[in-house]
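Quick one: structure below, then a few questions.
The values are calculated or read from the model by the stated rules, or taken from the named source; none is laboratory data. The structure presented is a predicted model; accordingly, all values stated were derived computationally and were not measured. All Cβ positions, even for glycine, are placed from backbone atoms using ideal geometry, and neighbour counts span all protein chains on display. Protein only, heavy atoms only, side chains kept; ligands, DNA and RNA dropped before computing areas. Shrake-Rupley method; radii C 1.70, N 1.55, O 1.52, S 1.80 Å.
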Amino acid sequence: MCALGALLLASTGTARSSYAVPDTSLVRQIEHYRAVTWRWQRVMSVPLTLGSSTYRRDPSLRYRRWVRNLWRVRAVRTRRQALHPPNRGDWLCIHRYEASWRDGGAPYYGGLQMDVSFQRHYAPRLYRHKGTADHWTPLEQIWAAERARRSGLGFSPWPNTARLCGVL
């Protein structure tokens, strides 16, 4: 029994249940899985999953375990989705004909040769925090290109290489 429990037992004559003692490790785990989920959602530029903070106030261990498991499943699913972007093979093919992922030669940057206006429009958060695409991970570059494709541009910003890859 912890010192607090012994003190309560001595002063009241009854031991407090485990529900009254906050389980900070569960709270830390919940916040970790939520942060992981949000990180991958930011990579994909999708809206962040909303969550409540009632797990901090609710003393129920059962509830906190449920919330932890919920965020753990979300983190695993979101990571899996982020690591396998749609048309990944097509983007890798286009990259093969374009440049190195770290290519910083103006006016086009990164492995998919994106210009600054393209980067600002389809990945404003990345551009603001990391600069041009040559400072982004390959996955972030692919997701920026995928956002452009989904917006209606398709593969047209890469006309020659997309044709070589058979996607135009």
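Using beta carbons and a limit of 8 Å, which pairs, at least six apart or on different chains, have the first residue in region 113-128 and under 19 Å from Leu92 (Cβ atoms) and the second one in a helix (DSSP H, G or I) and open to solvent by 50 Å² or more (accessible area, probe 1.4 Å)?
Pairs that qualify, where the first residue is under 19 Å from Leu92 (Cβ atoms) and the partner is in a helix (DSSP H, G or I) and open to solvent by 50 Å² or more (accessible area, probe 1.4 Å), are Tyr122/Ser151.
Okay, moving on. Check Tyr109, Tyr55 and return the single one that is in contact with a strand residue (DSSP E or B) (Cβ under 9 Å, 6 or more places away or on another chain) and not β-branched (Val, Ile, Thr).
Working: Tyr55 fails: in contact with a strand residue (DSSP E or B) (Cβ under 9 Å, 6 or more places away or on another chain).
Exactly one of Tyr109, Tyr55 is in contact with a strand residue (DSSP E or B) (Cβ under 9 Å, 6 or more places away or on another chain) and not β-branched (Val, Ile, Thr), namely Tyr109.
Are any residues in region 133-156 within 17 Å of Ala106 (Cα to Cα), more than 16 Å from the chain's Cα centre (by Cα) and either in contact (Cβ under 8 Å) with a residue 40 or more places away in the chain or surrounded by 19 or more Cβ atoms within 10 Å (Cβ to Cβ) (or both), and if so, which ones?
Correct list: Ala133, Asp134.
Of the residues that sit in region 95-118 and are open to solvent by 60 Å² or more (accessible area, probe 1.4 Å) and polar (S, T, N, Q), which one is nearest to His135 (Cα to Cα)?
Ser100
On the given criteria, is Leu61 touching an Asp or Glu at 6+ places or on another chain (Cβ under 9 Å) and at pLDDT below 95?
Values: touching an Asp or Glu at 6+ places or on another chain (Cβ under 9 Å): yes; at pLDDT below 95: yes.
So Leu61 fits the description; yes.
Then there's this: Does Arg39 satisfy being surrounded by fewer than 19 Cβ atoms within 10 Å (Cβ to Cβ), under 20 Å from Glu146 (Cα atoms) and either touching a helix residue (DSSP H, G or I) at 6+ places or on another chain (Cβ under 9 Å) or touching a residue at least 40 places away in the same chain (Cβ under 8 Å) (or both)? Lay out the reasoning, then the answer.
On the way: surrounded by fewer than 19 Cβ atoms within 10 Å (Cβ to Cβ): yes; under 20 Å from Glu146 (Cα atoms): yes; either touching a helix residue (DSSP H, G or I) at 6+ places or on another chain (Cβ under 9 Å) or touching a residue at least 40 places away in the same chain (Cβ under 8 Å) (or both): yes.
Yes, satisfied.
Restricting region 157-168 to residues that are farther than 17 Å from Gly89 by Cβ and loosely packed, with under 13 Cβ neighbours inside 10 Å, which is farthest from the chain's Cα centre (by Cα)?
Asn160
To continue, here is another question. Under 7 Å by Cβ, and 6 or more places apart or on different chains, what pairs join a residue from region 68-93 that is in contact (Cβ under 8 Å) with a residue 60 or more places away in the chain and open to solvent by 50 Å² or more (accessible area, probe 1.4 Å) with one that is in a helix (DSSP H, G or I) and acidic (Asp, Glu)?
Asn87/Glu146
Taking the condition of being in contact with a Ser or Thr (Cβ under 8 Å, 6 or more places away or on another chain) and either surrounded by 15 or more Cβ atoms within 10 Å (Cβ to Cβ) or over 29 Å from Leu112 (Cβ atoms) (or both), how many residues in region 45-62 meet it?
1
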